[in-house]
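Notes for the one structure printed next.
The values are calculated or read from the model by the stated rules, or taken from the named source; none is laboratory data. Not measured: the values here are computed from a predicted model. Heads up, the Cβs are rebuilt from the backbone with ideal geometry, glycines too, and the neighbour counts pull from every protein chain shown. Just the protein is used for accessible areas: all its heavy atoms, side chains included, with ligands, DNA and RNA removed. Shrake-Rupley method; radii C 1.70, N 1.55, O 1.52, S 1.80 Å.
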Amino acid sequence: MIYIDNAEVRRQLVPQTLEQVLEKAYLAWQRGEAAMQPRFRTEVDGFRLVSMGAVIPALGYAGSKIYTSYKGKLCFRVVLFSTKTGEALATLESDELTPIRTAASSVLVARRYADPQTPTLGVFGLGPLGLEHIRQFLAAFPIRNVYVCDPYLSTETVKQALAALPVLVEHVSAQEAASKSQIIVTATRSLKPVFESDHVQAGSFVAAIGSCLAHTQEIDAKLIQRAAKVVVEWPEQTLQDTGDLALFPDQERLVPKLEALADTIQKPVAKGRRDDIIVYKAVGIALADIAAAALVLQQRGREEHGHSTDR
């Protein structure tokens with residue numbers, strides 16, 4: 001069985017190509033041609049083991065993502081199988097895969113709902129998820145200004161981390177990041193909302209992708225109330241896995257706002273600025289993990305057979 005490390009995963013995963021593979025996987029799932037296991041957690045004495053899986057015959061693969069959470073550290077792996085033979089094919093280190101597939105999914109939704117000419121991006125949390133969202137949104141949109149809010153980092157650290165980017169980077173308060181940005185990404189593990197939604201501009205796109213526990217919240221209930229739509233990967237799982245939605249006080253008003261990502265990707269790419277707010281609430285699902293891992297393995301196979309990757 002092949003073992004693929006994080007460095008090769010990073011090299012093989014081209015975000016634009018991954019977006020196409022994710023679309024194919026979501027459409028197969030919507031047609032009933034793929035299946036998923038929800039996230040399952042097992043915990044003892046603060047050590048958490050998490051697993052989730054998907055079967056995607058349209059891509060030729062099935063697999064499971066397994067990860068641990070202990071003392072604030074995460075370790076991710078994906079195991080891939082062939083849906084044609086049942087054979088175990090590869091194990092992938094997935095510490096790089098997780099932020100890349102998360103950001104690619106956010107961009108998929110943003111292409112349908114964010115202003116295609118938006119010049120401003122606000123990011124809460126500059127860990128691996130936040131950094132990858134900056135990279136991918138800069139490639140997909142004409143961003144000129146990036147506003148970072150991370151109270152755990154100094155301004156010098158933020159500037160150094162993003163020094164290579166061809167944009168103006170500012171380390172700002174939560175209010176400034178929310179009020180100045182037309183695209184907002186929350187990539188934190190916060191237990192409570194990281195900004196007040198009154199500061200969010202009409203027409204903004206908000207990708208809340210950091211919290212995936214039923215007691216955590218990155219965005220407040222008022223933002224959900226203001227939103228015209230709340231796009232989610234898998235309504236059944238998302239409603240259970242994040243306090244942003246599970247703790248929303250009026251579930252009857254929430255449900256009509258929900259839109260499954262499989263429906264979103266069938267909509268045309270946005271042509272201009274909207275007047276309403278769109279929220280994308282992601283918790284991560286196995287369909288995206290297995291689709292991304294499949295792409296890595298396919299790209300690796302092309303290289304071995306003398307074909308270049310899409311990079």
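Between a first residue in the stretch 230-248 that is under 17 Å from Leu108 (Cα atoms) and a second residue that is open to solvent by 10 Å² or more (accessible area, probe 1.4 Å) and of a type in the set (Lys, Arg), which pairs have beta carbons less than 6 Å apart while being 6 or more apart in sequence or on different chains?
Between residues of the stretch 230-248 that are under 17 Å from Leu108 (Cα atoms) and residues that are open to solvent by 10 Å² or more (accessible area, probe 1.4 Å) and of a type in the set (Lys, Arg), the close pairs are Val230/Lys257.
Being surrounded by fewer than 21 Cβ atoms within 10 Å (Cβ to Cβ) and under 27 Å from Ala291 (Cα atoms) is the filter here, so list the residues in the stretch 113-134 that pass it.
Pro116, Gly127, Pro128, Leu131, listed by residue number.
Kindly indicate whether any position in the stretch 151-160 is among the acidic types (Asp, Glu) and buried (at least 21 other Cβ atoms within 10 Å of the Cβ).
No; the residues of the stretch 151-160 include none that is among the acidic types (Asp, Glu) and buried (at least 21 other Cβ atoms within 10 Å of the Cβ).
Restricting to the stretch 56-78, and then to whatever is over 20 Å from the mean Cα position of the chain (by Cα) and within 25 Å of Leu18 (Cβ to Cβ), can you tell me which residue is most open to solvent (accessible area, probe 1.4 Å)?
That would be Pro57.
Among the residues of the stretch 79-95, write down those that are open to solvent by 30 Å² or more (accessible area, probe 1.4 Å) and more than 19 Å from the chain's Cα centre (by Cα).
Listed by number, the residues that qualify are Val79, Phe81, Thr83, Lys84, Thr85, Gly86, Glu87, Ala88, Leu89.
Limited to the stretch 230-264, what total is found for residues that are within 18 Å of Ile184 (Cβ to Cβ) and part of a loop (DSSP other than H, G, I, E, B)?
1
Any residue at all in the stretch 264-278 that is open to solvent by 30 Å² or more (accessible area, probe 1.4 Å) and either within 30 Å of Ile2 (Cβ to Cβ) or free of Cβ contacts under 8 Å to residues at least 12 places away in the same chain (or both)?
No - not one qualifying residue is present in the stretch 264-278.
Given the criteria of a type in the set (A, V, I, L, M), over 20 Å from the mean Cα position of the chain (by Cα), open to solvent by 70 Å² or more (accessible area, probe 1.4 Å) and farther than 19 Å from Glu236 by Cβ, does Leu49 qualify?
It is true that Leu49 is of a type in the set (A, V, I, L, M), over 20 Å from the mean Cα position of the chain (by Cα), open to solvent by 70 Å² or more (accessible area, probe 1.4 Å) and farther than 19 Å from Glu236 by Cβ.
List pairs: first residue in the stretch 63-85 and in a loop (DSSP other than H, G, I, E, B), second residue open to solvent by 50 Å² or more (accessible area, probe 1.4 Å) anywhere in the structure, Cβ distance under 7 angstrom, at least six positions apart or on different chains.
Pairs that qualify, where the first residue is in a loop (DSSP other than H, G, I, E, B) and the partner is open to solvent by 50 Å² or more (accessible area, probe 1.4 Å), are Thr83/Val55; Thr83/Pro57.
From the set of residues in the stretch 164-204 that are of a type in the set (Ser, Thr, Tyr) and open to solvent by 30 Å² or more (accessible area, probe 1.4 Å), which is farthest from Leu129 (Cα to Cα)?
Only one residue tops the list, namely Ser179.
Which residue, of Ala227, Ala221, Ala260, is crowded, with 18+ Cβ neighbours inside 10 Å, modelled with pLDDT of 95 or more and small (Gly, Ala, Ser)?
Of Ala227, Ala221, Ala260, the one residue that is crowded, with 18+ Cβ neighbours inside 10 Å, modelled with pLDDT of 95 or more and small (Gly, Ala, Ser) is Ala227.
Taking the stretch 11-46 only, how many residues are among the charged types (D, E, K, R), open to solvent by less than 80 Å² (accessible area, probe 1.4 Å) and assigned to a helix (DSSP H, G or I)?
Summing the residues that are among the charged types (D, E, K, R), open to solvent by less than 80 Å² (accessible area, probe 1.4 Å) and assigned to a helix (DSSP H, G or I) in the stretch 11-46 gives 2.
Just a yes or no: is a residue in the stretch 288-298 closer than 30 Å to Val172 by Cα, open to solvent by less than 20 Å² (accessible area, probe 1.4 Å), touching a residue at least 60 places away in the same chain (Cβ under 8 Å) and not in a loop (DSSP other than H, G, I, E, B)?
Within the stretch 288-298 (the criterion being closer than 30 Å to Val172 by Cα, open to solvent by less than 20 Å² (accessible area, probe 1.4 Å), touching a residue at least 60 places away in the same chain (Cβ under 8 Å) and not in a loop (DSSP other than H, G, I, E, B)), the answer is no, since none of the residues qualifies.
Working only within the stretch 167-187, note down all residues that are of a type outside the set (Asp, Glu) and farther than 21 Å from Ala114 by Cα.
Across the stretch 167-187, the qualifying residues are His171, Val172, Ser173.
So Phe137 passes all but one of these: (1) surrounded by fewer than 22 Cβ atoms within 10 Å (Cβ to Cβ); (2) within 26 Å of Leu74 (Cβ to Cβ). Which condition number does it fail?
Unmet condition: (1).
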